[in-house]
Amino acid sequence: MGLPVRNCAHRRNSEEFLMIEDPIVEEVRRYREAHEAEHGHDLKRIIEALRERERQSQRKLLNPGPKYCRERSGNVASLE
């Protein structure tokens, strides 16, 4: 049972698309589909599995902290 072949579309001109098969995109799609199926296509289960993988990872994770923006008057205001 194979997955349907999907291609990347590149606009050749304003009305015509050139379809290019991209093996990297196909590999990512196969992995994503297998991961979704492993968790019953349930978004909550998929997210929890990814968070668990992140918790178990030995890699240093970046947490940039809260985001801020400046109002027109120059005062800093939180986006939250």
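Here are some notes:
- Stretch gain in nm, segment ILE47-ILE24, where the contour uses 0.36 nm per residue and the Cα spacing is subtracted: 6.0 nm
- Theoretical gain in end-to-end length, HIS39 to LYS67 [0.36 nm per residue, Cα-Cα removed]: 6.8 nm
Just so you know, all these numbers are worked out from the coordinates, no wet-lab data involved. If you're wondering where the values come from, they're calculated on a predicted model, not measured in any experiment.
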